Amino acid sequence: MHSHQFTAVVEFEGDSLNEYGYLVDIDEINAAIDHVVETYADTTLNDQPAFEGLNPSVEHFSRIFCEAVVAFAEPSTPDRIRVRLWEDDDAYASYERPIEQ
């Protein structure tokens, strides 16, 4: 086992904006990202319930990260979310999915 410092990029797409002219509430998204970081920082991914029975790959982690952001923030305006995670300069994965309204 070895540790990684991940870099995350979270992107949203949508056809409409909220009443303030934003696609997402950045404070809400930052809180969701902070929640995910707090959940996984300084832990062994193998020991996390979300990774039970899974290889702790960056591919799985990008999906788990994405699902956690959507579950925590519940963004309503965007149509899609994409999360890209880098575990180093060369190794990264992304996961994207629609956001159900």
### Query
Quick check: is even one residue across region 66-76 surrounded by fewer than 18 Cβ atoms within 10 Å (Cβ to Cβ) and either part of a loop (DSSP other than H, G, I, E, B) or at pLDDT below 90 (or both)?
yes
### Task
Tell me, yes or no, whether region 38-58 has at least one residue that is more than 13 Å from the chain's Cα centre (by Cα), in contact (Cβ under 8 Å) with a residue 60 or more places away in the chain and in a loop (DSSP other than H, G, I, E, B).
no
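Okay, residues lined up against (1) farther than 19 Å from Trp86 by Cβ; (2) at pLDDT 95 or above; (3) out of contact with any Cys (no Cβ under 9 Å at 6 or more places or on another chain):
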site: His4; (1), (2), (3): no, no, yes
site: Val9; (1), (2), (3): no, yes, yes
site: Leu17; (1), (2), (3): yes, no, yes
site: Tyr20; (1), (2), (3): yes, no, yes
site: Ile26; (1), (2), (3): yes, no, yes
site: Ile33; (1), (2), (3): no, yes, yes
site: Val36; (1), (2), (3): no, yes, yes
site: Asn46; (1), (2), (3): yes, no, yes
site: Pro49; (1), (2), (3): yes, yes, yes
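The values are calculated or read from the model by the stated rules, or taken from the named source; none is laboratory data. Small disclaimer: the values here were computed from a predicted structure and weren't measured. Using ideal geometry, Cβ is built from the backbone for each residue, glycine included, and neighbour counts are taken over all protein chains shown.
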